[in-house]
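Here is the structure we will look at, set down as C-alpha cells.
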Amino acid sequence: MAISLPSSYASPLFSPESRNSISASSMLTSLSSLRLPSQIRRFGIRHERLNSPLSSRFARLTVSAKKQTFNSFDDLLKNSDKPLLVDFYATWCGPCQLMVPILNEVSETLKDKIAVVKIDTEKYPTLANKYQIEALPTFILFKDGKLWDRFEGALPANQLVERIENSLQVKQ
C-alpha cells in the first residue's frame, strides 16, 4: 500500500514553484507534523524521485505498509508466524527517526526470518509501561509470543542484523 498526499494537501514548503528560502529547522518542523494512522503495522519505506526538472532537489516519500488490525498486542504476538522485532519509538526522538531506513533495510534482509513492527510510545503508553520502555529507541525481539531479547539505542543495519541472528540462534 502506498500513501501519497494530493497536490492540494501538499505544503508550499515542498512546492517546486516556491522560490522562498527555507531554513532546515522549519523543514524539520513541517516533516515532523506529518501523522500516519495509529494502527500497529508492519512497514517498509522507500524514497522515489519526482519526474520534474527539479527532481534532484525534491523527493517523494512513499510508505508501504502491510496493514493488519489486531484486537490487542498480545493477539499480534500469538498470531505471528515469525519472530517479531518490535521498535518502540517516538516521533520526537532523533535516533528513532534515524532508524527508519535502517529498519527498512533490516526488514528486507531478514524478511524470511522476522517481521518488524513499530509502536509509537506516545500513542500506546500502556504497552510502553508494560515493557518498561525507558530509553528510545528500544527494540524487543519476541519469539513464540514471548520476550526473547531486548536492546536499546540506534545501531547500524549490519550490527542490528547480526544481533537478531545471533539472538535467534543462541537461544534455540
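The values are calculated or read from the model by the stated rules, or taken from the named source; none is laboratory data. It should be emphasised that the depicted structure is a prediction, and the values quoted were computed from it without experimental measurement. Glycine gets a Cβ as well: all are built from the backbone with ideal geometry, and neighbour counts include every protein chain shown. Only protein heavy atoms, including side chains, enter the accessible area calculation; ligands, DNA and RNA are left aside. Shrake-Rupley method; radii C 1.70, N 1.55, O 1.52, S 1.80 Å.
General remarks:
- Within the option set L147, L168, L127, L136, being surrounded by fewer than 16 Cβ atoms within 10 Å (Cβ to Cβ), in contact with a Phe, Trp or Tyr (Cβ under 9 Å, 6 or more places away or on another chain) and of a type in the set (A, V, I, L, M) holds for one residue only, L147.
- Any chance G153 is at pLDDT below 95 and open to solvent by less than 90 Å² (accessible area, probe 1.4 Å): no
- Subset of region 103-115 (residues that are part of a helix (DSSP H, G or I) and open to solvent by 10 Å² or more (accessible area, probe 1.4 Å)): N104, E105, S107, E108, T109
- Number of the condition not met by L160 [criteria: (1) closer than 20 Å to F73 by Cβ; (2) crowded, with 18+ Cβ neighbours inside 10 Å]: (1)
- Options V100, V86; residue that is assigned to a helix (DSSP H, G or I) and surrounded by 13 or more Cβ atoms within 10 Å (Cβ to Cβ): V100
- Considered as a group, the residues in region 40-83 that are among the basic types (K, R) and open to solvent by 60 Å² or more (accessible area, probe 1.4 Å) include one that is modelled with the highest pLDDT, and that residue is K82.
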